[in-house]
Amino acid sequence: MRRSSCLSASALAAQLVEEAYRWGDFSELERLYAVYGKPGVRSELTGHSRLDHFWIGIGEVNNSNLRVTDDYYQQLDALTEQWAREHPQSVLPQLLFAQTLSAHAWAYRGTGYANTVSPAAWAGFQKYLELAAAQLQRSEPLAAKDSSWNEIMMEVGRGLSWDRSRLMAVFENGIAKNPDDDELYFKMQTALLPKWGGDLQAVDGLIELAVKNTREKRGMEMYSRLYAAVSYMEVKQALFTGTRASWTRMKAGFEDLLGHYPHVDNRNMYAYFACMAVDRPTLQAQLELIGDKFVPIFWGDNAERTYETCKKMAQQPSAPLVLVTPHA
């Protein structure tokens, strides 16, 4: 999950990026990207890549879910296109222009099911995604060492219904550029989810690949984080019955993560999945360490009710666990 419950240095980075973008301060954005775009730079609290926080800041402005008119996105398109023309040898403005076009496309489509999208919205979606893809293709030589190019291209390719092999090629190229870019795994996993025409078997395979690639440095951390994302995005509380997720391996991953980054966000996530797995000793331990720092975003749908249910289960070991299931 991309979130920080306090203003850490990484959260401050996202805020600085957002402010520079809103003020149209390209020089500051370029400076921040040089600092936070370096491979291997991680949040001192949560362990997430600082590169993520740069793009979180951009996303606060290039957000396809804003309640704004099309003029807003037209203005962003014009601004970033101008930057791209003025700085033809700099990769960041080329990426910003492509990412803005992609956000514009998704603003047309919205987040509903395909059958809720009007023909006019589909046309806008297709138009701006194709413009984004063309911009990325033009800038590919500049991004020979920049994995953010691959992140954006994967998002665009998913929207354009690229087949799995084509997306995987972009993913693998990005990992070769920057093995520390975790977001590449999450974007590839999203494309493989059933809601996007994929299947859980392919998701399982990607997670095993992530573990193979990262285990030497990070243990089982990516196993836990990726399966947690599968739960949040697709299977909800059926993680251990509807996928191949192993609580033994997931628990080891959370321990590896917390061994380096004992942040309350990570503990909330660990406690939620311990509850789902009916691991009362682990749940009790994490709830005690969390104290009053409950972070709802990590507790799934109906977070407050689920949290209270899990607390009662931890306090009464003989009580059966019945997590709140969201309505269909």
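The values are calculated or read from the model by the stated rules, or taken from the named source; none is laboratory data. Quick caveat, the model's predicted, so the values are computed rather than measured. FYI the Cβ positions are ideal-geometry reconstructions off the backbone, even for glycines, and counts take in every protein chain you see. Ligands, DNA and RNA are excluded from the accessible area calculation, which covers all protein heavy atoms including side chains. Shrake-Rupley method; radii C 1.70, N 1.55, O 1.52, S 1.80 Å.
Some points to look at:
- Across all directions, the average flat footprint of the convex hull enclosing the Cα atoms of the chain is 16.5 nm².
- 3J(HN,Hα) along region 253-269: x, 5, 5, 5, 5, 6, x, 9, 9, x, 7, 4, 4, 5, 5, 4, 5 Hz, from the Karplus curve 6.51 cos²θ - 1.76 cosθ + 1.60 with θ = phi - 60°, whole Hz, x for Gly and Pro.
- Its residue count N fixes a reference of 2.2 N^0.38 Å for region 12-101, and the Cα radius of gyration divided by that reference is 1.08.
- Couplings 3J(HN,Hα) of region 55-64, computed from phi: 6, 5, x, 4, x, 5, 9, 8, 9, 6 Hz, in residue order, whole Hz [Karplus 6.51 cos²θ - 1.76 cosθ + 1.60, θ = phi - 60°; x for Gly and Pro].
- Cα→Cβ-extended label distance, 7 Å offset, between GLU18 and ASP199, nm: 4.1
- Cross-link table LYS236/LYS311; LYS187/LYS311; LYS38/LYS145; LYS187/LYS293; LYS177/LYS212; LYS195/LYS293, entries beyond 21 Å C-alpha to C-alpha: LYS187/LYS311; LYS187/LYS293; LYS195/LYS293
- Mean Cα-pair separation over length for region 190-328, i.e. relative contact order, pairs under 8 Å, 6 or more apart, %: 16
- Sum of -39500 (n - 2.57) over DSSP H runs of 4+, divided by residues of the chain (222 nm, nearest 500): -21000 deg cm²/dmol
- Percent accessible area from carbon and sulfur atoms, the chain, protein chains only, probe 1.4 Å: 52
- Cα-based shape type of region 193-312, given that a ≥ b ≥ c are square roots of the gyration tensor eigenvalues and the cut on a/c is 1.5: oblate
- Relative contact order of the chain, pairs being alpha-carbon contacts under 8 Å that are 6 or more residues apart, as %: 12
- Which of LEU192, GLN99, SER49, positive extreme of dipole for the chain (C-beta unit charges): LEU192
- For the chain, a simple Cβ point-charge model (Lys and Arg +1, Asp and Glu -1, everything else neutral) yields a dipole of about 780 debye relative to the Cα centre.
- For region 42-193, the Kirkwood hydrodynamic radius comes to 15.9 Å, computed from all pairs of different C-alpha atoms.
- Gain on full stretching of the segment that runs from GLU28 to ARG67 - 0.36 nm per residue minus C-alpha separation: 11.3 nm
- Note, ³J(HN,Hα) from phi for region 272-278, Karplus 6.51, -1.76, 1.60, rounded to Hz, x at Gly and Pro: 4, 6, 5, 5, 4, 8, 6
- When only the Cβ of Lys, Arg, Asp and Glu is charged (+1, +1, -1, -1), the dipole of region 150-293 relative to its Cα centre reaches about 240 debye.
- Charge tally in the Cβ shell below 13 Å around TYR21, where Lys, Arg are +1 and Asp, Glu are -1, TYR21 excluded: -4
- The shape of region 136-245 comes out oblate: with a ≥ b ≥ c from the C-alpha gyration tensor, a/c is at least 1.5 while a/b does not beat b/c.
- Computed magnitude of the charge dipole of region 123-199 (debye, nearest 20; Cβ of K, R +1, Cβ of D, E -1): 280
- The residues neighbouring GLN74, those whose beta-carbon lies less than 14 Å from its own, together hold a net charge of -3 under the Lys/Arg +1, Asp/Glu -1 convention.
- In this structure, the amide hydrogen of ARG42, modeled 1.01 Å from its nitrogen in the peptide plane, lies closer than 5 angstrom to those of ARG50, counting only residues at least 5 positions away or on a different chain.
- Among TRP122, TRP299, TRP55: highest mean-square fluctuation, GNM of the chain, C-alpha pairs under 10 Å: TRP122
- Relative contact order of region 105-228, pairs being alpha-carbon contacts under 8 Å that are 6 or more residues apart, as %: 16
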